[in-house]
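The values are calculated or read from the model by the stated rules, or taken from the named source; none is laboratory data. Remember, it's a predicted structure, so these values are computed and weren't measured experimentally. Note that each Cβ is placed from the backbone with ideal geometry, even for glycine, and that neighbours are counted across all protein chains shown.
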Amino acid sequence: MALDGITVANLAHDIQERLSGGRISRIAQPEADALLLTFKTRKETVRLYLSASASLPLAYFTEKNKPSPAAAPNFCMLLRKHIGNGRLLSVTQPGLERILRFEIEHLDEMGDLKRKFLILELMGKYSNLIFTDDAGTIIDAVKHVPSSVSSVREVLPGRPYFVADTTHKLDPTEISEEVFLDQVCSQPMNIARALSSRLTGISVLFGQELAARAGLEGDRPMQALELHEKLHLFHTFSLLREDISTGRFDPCVFYQQGEPVEFAAFPLTIFGNCETRHMQDVSEALEIYYAEKDRVTRVRQKSADLRHVVQTVLERDMKKYDLQCRQRTDTEKREKYRIWGELIQAYGYNVEQGASSMTAENYYDGGKEITIPLDPQLTLQENAVRYYERYNKLKRTEEALRTLLEETEAEIEHLRSLQVALEIAQDENDLAQIKAEMQEAGYIRRRQLPGKKKEKIVSRPFHYVSSDGFHIYVGKNNLQNEELTFQFANGGDWWFHAKGIPGSHVVVKTEGKELPDRAFEEAGALAALYSSEKQADKVEVDYIQRKHVKKPAGTKPGYVIYHTNYSLMAEPALARKLKRVEE
């Protein structure tokens, strides 16, 4: 989610609370369009990162000290001259605009007390850092915008600073019930988009959230609402507005299967099926969300080659499997040749030599007559032998194909399990383990430099705790599945796996206790979530005590067999609410 006005309001509140009255001890410009300000307050030293990047404008507290260029840029030098050692008086946000306005008090060259404003505009490709005097005249900006670029507003030294009103939206901090009903509820679009298009700082996502809080569907046309529904929507919006004005924020990051999917300044009911992690402040939410998003993207990029190899081999094996199935179908006619050979030997005594066919009663089919083609160049005995030879050849082919089909099926199942493992992979260690398995299977070539020791791969299974306090472990790949099942789990622990489809092994440690029904449901939900059918509403899951799970010799990693198991229908959505233990 891009920064909306509500998230920026949360940022303004947090910065005001933490840094108001603090002095700027250091100003750095690590990027061409970003500042790193170090503040000293009575309690602590804090770094605040302000970025006007067109692709990712951000503001957040950070403990990391980003490297700066050897020669400070002109904008950085200007700020050091004017507001170095300045005191932060306030951080404000006009309306719910995506703007942070820092009011800074400092002493000028004559020792007189002056005020300046550093303004961060978080507006996508129009983002900017602008420095003005107390009269609102621009002193300088990170990005200069002449009239040839924008006919609406120039951002140049000496020009007056103002917020351009290009969208003509309403200020949600001041809107009345009458104006809301007249100008917002009259929009010819759905509820979420009507709120977003007419109210400053309200994103479509928060429009959907407001509709959900009011008991309405965000996709429902605004003009189709009854008056009482419109009034209820306004009152719901007013409650949110009150939370914003009083600073009652609760920043969260929402996760689905371990991956961050969204962040917000408040818990969102529309993400009720996701795991919700509450953060200390919105800066932590932003830093964690974008850092983890970057990690997920990086893992996706690094796994691209492995995915391509798996997909290529899988497509090849699927074609091979189809061909083998057709060949096996062809062998089903072998019994016909055996019967023909027998009937030639049983009734051929009255057939003339050189005949091209013979008719006989088929005692395998209730005495019905059957016509058997013959080769006139061969004797009847030679015709019978030829049919027996065809039968035996097809029989040998069918036996060989049965083995080949089992091998191909096993390889296809293994490749699909690798696809699931690549979807689950969280970091480079997980990918390294999958790569090692693929090397062992011969899908990719192993390249070990002479004299170089093989690095130990540290990758651990997912660890969850059930609602009743039982520890649940989920393997991320086949090697982990095997280790989890046969080395980590005890015989009395419970083992779960999605029925008949690729997925993770799930183990519940019982510690000698009896599992309640809820623990079975939650473990089954995890087995469903970490399977190839994670998007389904319900997945059938097998479960059994670990002591009954066996591994046949010579089979692929992660392959097991079991008998007399139990089954349950599990909901992957249930697992998304479970808390994962970070190790």
Quiz prompt | Condition met for Lys64 (in a loop (DSSP other than H, G, I, E, B) and of a type in the set (Lys, Arg)) | solution = yes
Quiz item: Any idea which of Ser68, Ser90 is in contact with a strand residue (DSSP E or B) (Cβ under 6 Å, 6 or more places away or on another chain), surrounded by fewer than 18 Cβ atoms within 10 Å (Cβ to Cβ) and touching a residue at least 60 places away in the same chain (Cβ under 8 Å)?
Solution: Ser90
Quiz item: Arg396 versus (1) assigned to a helix (DSSP H, G or I); (2) not acidic (Asp, Glu); (3) not assigned by TED's automatic domain parsing to the domain that holds Arg326: which is the lone unmet condition?
Solution: (3)
Self-check item: Residue satisfying all of: in segment 126-165; farther than 23 Å from Pro73 by Cα and among the charged types (D, E, K, R); nearest to the chain's Cα centre (by Cα) among these
Solution: Asp165
Quiz item: Exactly one of (1) within 30 Å of Lys556 (Cβ to Cβ); (2) assigned to a loop (DSSP other than H, G, I, E, B) is unmet by Thr403. Its number?
Solution: (2)
Quiz prompt | Flag if Arg18 is surrounded by fewer than 22 Cβ atoms within 10 Å (Cβ to Cβ) and outside any loop (DSSP other than H, G, I, E, B) | solution = yes
Quiz prompt | Residue in segment 502-527 that is surrounded by the fewest Cβ atoms within 10 Å (Cβ to Cβ), counting only those that are aliphatic (A, V, I, L, M) and without any contact (Cβ under 8 Å) to a residue 60 or more places away in the chain | solution = Leu515
Quiz item: Do the conditions hold for Tyr559, that is, is it at pLDDT 95 or above, more than 17 Å from Ile424 (Cα to Cα) and not β-branched (Val, Ile, Thr)?
Solution: no
Quiz item: Given Val149, Val204, which one is modelled with pLDDT under 95, surrounded by fewer than 16 Cβ atoms within 10 Å (Cβ to Cβ) and among the β-branched types (Val, Ile, Thr)?
Solution: Val149
Quiz item: Looking at segment 220-248, which of its residues are assigned to a loop (DSSP other than H, G, I, E, B) and either surrounded by fewer than 16 Cβ atoms within 10 Å (Cβ to Cβ) or at pLDDT 95 or above (or both)?
Solution: Arg220, Glu226, Gly247, Arg248
Quiz item: What is the one condition in (1) under 31 Å from the mean Cα position of the chain (by Cα); (2) part of a strand (DSSP E or B); (3) touching a residue at least 60 places away in the same chain (Cβ under 8 Å) that His13 does not satisfy?
Solution: (2)
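Scanning segment 254-275 for residues that are in contact with a Phe, Trp or Tyr (Cβ under 6 Å, 6 or more places away or on another chain) and not in a strand (DSSP E or B), which turns out nearest to Leu58 (Cα to Cα)?
Ranking the qualifying residues of segment 254-275, first place goes to Ala265.
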Self-check item: All positions within segment 181-203 that are in contact with a Lys or Arg (Cβ under 8 Å, 6 or more places away or on another chain) and closer than 15 Å to Thr236 by Cβ
Solution: Leu181, Val184, Cys185, Ile191, Leu199
Quiz prompt | Count - residues of segment 277-311 that are within 25 Å of Leu11 (Cβ to Cβ) and touching a Leu at 6+ places or on another chain (Cβ under 8 Å) | solution = 4
Practice problem: State whether one or more residues within segment 531-538 are over 22 Å from Asp468 (Cβ atoms) and without any contact (Cβ under 8 Å) to a residue 24 or more places away in the chain. | Solution: no
Quiz item: Looking at (1) in contact with a strand residue (DSSP E or B) (Cβ under 9 Å, 6 or more places away or on another chain); (2) part of a loop (DSSP other than H, G, I, E, B); (3) crowded, with 17+ Cβ neighbours inside 10 Å, which is the one condition that is false for Glu217?
Solution: (3)
Quiz item: When segment 398-441 is examined, which residues are found to be of a type in the set (D, E, K, R) and either within 15 Å of Asp317 (Cβ to Cβ) or touching a strand residue (DSSP E or B) at 6+ places or on another chain (Cβ under 7 Å) (or both)?
Solution: Glu406, Glu407, Glu409, Glu411, Glu413, Arg416
Practice problem: Being buried (at least 17 other Cβ atoms within 10 Å of the Cβ) and closer than 30 Å to Lys499 by Cβ narrows it down to one of Thr408, Thr403, so name that one. | Solution: Thr408
